[in-house]
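> Structure incoming, see below.
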Amino acid sequence: MNYFIQFLTYFRIFIAPVIFILITLFDSYGWALFLFFLASISDYYDGFLARKYNLESSLGSVLDPIADKILVTFLIIALSIELTSLYVGLIGGGILARDFWVNALRDFNARNGRADVTKVTPIAKLKTTIQFFAFSSYLLGLFLGNSLLLFLSSFILFLSFLITLQTGLIYTIATFKK
């Protein structure tokens, strides 16, 4: 079971560039959406199974959020290119900047024996879920050629951006609280 859990995490890391290529080079939005859906589900199940079977590990707790960041990075870049969207690029850049900042906070806290301060919270899991929903919505809009769905996806992306900023602020306050 431990190998399967690790496979789910590695799957997200390795499928991210495949999704990027499907979107940007082949306009294969259906396949990209399908693989992204599998990657999204793998994010849920690797943590669920690790907790259920008491197989949580230090490596898994480090790699899981990194796998999510890699997937998100490839999606943001691919959608920015494919939609020629400054909006997706700017909002996506803000999401990525927060992720880099939180990774720096996690490293800082780990070095100071306070890793629990930046432990993944339920609101951070909600943030990831809404981000994944926004990306799925964009991919579905591209697949269907539906500009209304693409327009609505921008609102979902903005909502995820607001929650992303909020979680970054929560981690920052917790880190520098005396």
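> Of all accessible surface on the chain at a 1.4 Å probe, what whole percent is carbon and sulfur?
73 percent
> Which one is right for this structure if semi-axes √(5λ) of the Cα gyration tensor in Å is calculated from it: (1) 32, 19, 16; (2) 28, 20, 13; (3) 36, 22, 11?
(2)
> In a GNM of the chain with a 10 Å cut-off on Cα contacts, which of 115, 124, 134 has the highest mean-square fluctuation?
The residue that fluctuates most here is 115.
> While we're on this one: Where does the chain land at 222 nm, in deg cm²/dmol rounded to the nearest 500, when only DSSP H runs of n ≥ 4 count, each adding -39500 (n - 2.57), divided by all residues?
-30000 deg cm²/dmol
> Another question about this same structure. Suppose every Lys and Arg Cβ carries +1 and every Asp and Glu Cβ carries -1, with no other charges. What dipole size does the chain come out with about its Cα centre, to the nearest 20 debye?
680 debye
> Another question, if that's okay. Kindly identify region 15-114 as rounded, prolate or oblate by the Cα gyration tensor criterion: order the square roots of the eigenvalues as a ≥ b ≥ c, call it rounded if a/c is under 1.5, otherwise compare a/b with b/c, prolate if a/b is larger, else oblate.
oblate
> A follow-up question, please. Can you give the extra length, in nm with one decimal, that the chain gains between residue 31 and residue 97 once fully stretched, where that is 0.36 nm per residue apart less the Cα-Cα distance?
20.9 nm
> Still on this structure, please answer the following. What is region 95-134 by shape, rounded, prolate or oblate, if you read a ≥ b ≥ c off the alpha carbon gyration tensor as root eigenvalues and call it rounded for a/c under 1.5, prolate for a/b larger than b/c, and oblate otherwise?
oblate
> Once you sort the root eigenvalues of the Cα gyration tensor of region 31-77 as a ≥ b ≥ c, which label holds: rounded (a/c under 1.5), prolate (a/b larger than b/c) or oblate (the other case)?
In terms of gyration-tensor shape, oblate.
> Take peptides 142-149, 60-67 and line them up by average Cβ neighbours within 10 Å, highest first, as a rough protection proxy.
Those peptides, ordered most packed to least, come out 60-67, 142-149.
> Okay, next question. Rolling a 1.4 angstrom probe over the protein heavy atoms, how many square angstrom per residue are accessible across region 51-157?
With the other protein chains kept in place, region 51-157 gives 54 Å² per residue.
The values are calculated or read from the model by the stated rules, or taken from the named source; none is laboratory data. All figures in this text were calculated on a predicted structure; none of them were measured in a lab. Neighbour counts are summed over all protein chains in view; Cβ atoms, including those assigned to glycine, are modelled from backbone coordinates with ideal geometry. Just the protein is used for accessible areas: all its heavy atoms, side chains included, with ligands, DNA and RNA removed. Shrake-Rupley method; radii C 1.70, N 1.55, O 1.52, S 1.80 Å.
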